[in-house]
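Asks: One structure, pasted below without further comment.
The values are calculated or read from the model by the stated rules, or taken from the named source; none is laboratory data. Treat the numbers as computed from the prediction; the structure is a model and nothing was measured. Don't worry about glycine lacking a Cβ; one is built from the backbone with ideal geometry, like all the others, and counts go over all protein chains shown. Heads up: the accessible areas ignore ligands, DNA and RNA and are worked out on the full protein's heavy atoms, side chains in. Shrake-Rupley method; radii C 1.70, N 1.55, O 1.52, S 1.80 Å.
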Number of protein chains: 2
Amino acid sequence: MLRIRGRIWIESENGTFVGYGRIILLERIKKFGSITEAAKSMGMSYRHAWEMIDSMNRQWSVPLVQTSAGGIGGGGTRVTEEGEKVIENFWELYKKFKEFKESELKSLKL
Amino acid sequence: MLRIRGRIWIESENGTFVGYGRIILLERIKKFGSITEAAKSMGMSYRHAWEMIDSMNRQWSVPLVQTSAGGIGGGGTRVTEEGEKVIENFWELYKKFKEFKESELKSLKL
């Protein structure tokens, strides 16, 4: 019983832009509205999460994650519209990759 | 400038069957007729190369690599016909994966 496995990610000229882990991080930030909570939910240090977000934001023309300071209702961290677009594109790619692996498995002559 | 990158490999129920590194190793064995030379050409220890070959052979019904002892002309290590089939199938998959990445890059909406 064989299985085709793989990993896929998107790079810019400055290295990894988004892969599975970064997309999950974006989704957790969207869910919790907090980098601290998002990182904790993934068993990841705040520092590591922050560095990944910083790396994504620096590689894009507009931020994918935006943090606003205090004020009424307190500050908050949110995923921007552009961030949503990136998440959506990645899952589309991920889904097609899954289909690719399944279809290629059928055409293996082993 | 974005780029889609990835890795792909074939697994059996006992773990990795073949990926890029193992295929290159098979090709080097074919070239040199020797595990020692193949390993050396890849900057890999003999032990590591041997373990990878052993792992592939154990996962398959027939050996992919066969070693014969001395005799006239000395012994030798060779890639079997089945091994050749595995190499060929992997490169076919690898090529299609390359095409997949290129075509998916064009359909990213980023």
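Asks: Consider B:Gly83 against the criteria (1) in contact (Cβ under 8 Å) with a residue 12 or more places away in the chain; (2) within 14 Å of chain A (Cβ to nearest Cβ); (3) open to solvent by 40 Å² or more (accessible area, probe 1.4 Å): it satisfies all of them except one. Which criterion is unmet?
Replies: The single condition B:Gly83 does not satisfy is (3).
Asks: Is it the case, given these coordinates, that B:Leu93 is touching a Leu at 6+ places or on another chain (Cβ under 9 Å), open to solvent by 60 Å² or more (accessible area, probe 1.4 Å), within 9 Å of chain A (Cβ to nearest Cβ) and within 27 Å of A:Arg7 (Cα to Cα)?
Replies: Taking the combined requirement at face value, the residue does not satisfy it.
Asks: If you take just the helices (runs of 4 or more DSSP H) that sit entirely in segment B:7-88, which of them hold at least 3 residues that are of a type outside the set (A, V, I, L, M, F, W, C) and closer than 19 Å to A:Ile4 by Cβ?
Replies: Where helices (runs of 4 or more DSSP H) fall fully within segment B:7-88 and carry at least 3 residues being of a type outside the set (A, V, I, L, M, F, W, C) and closer than 19 Å to A:Ile4 by Cβ, they are B:20-32.
Asks: Right, another one. In this structure, does A:Val62 turn out to be away from chain B (no Cβ under 12 Å) and touching a helix residue (DSSP H, G or I) at 6+ places or on another chain (Cβ under 6 Å)?
Replies: No; evaluated as a whole, the condition is false for this residue.
Asks: Then there's this: Taking segment B:27-56, which residues are among the aliphatic types (A, V, I, L, M) and more than 14 Å from chain A (Cβ to nearest Cβ)?
Replies: B:Ile29, B:Ile35, B:Ala38, B:Ala39, B:Met42, B:Met44, B:Ala49, B:Met52, B:Ile53
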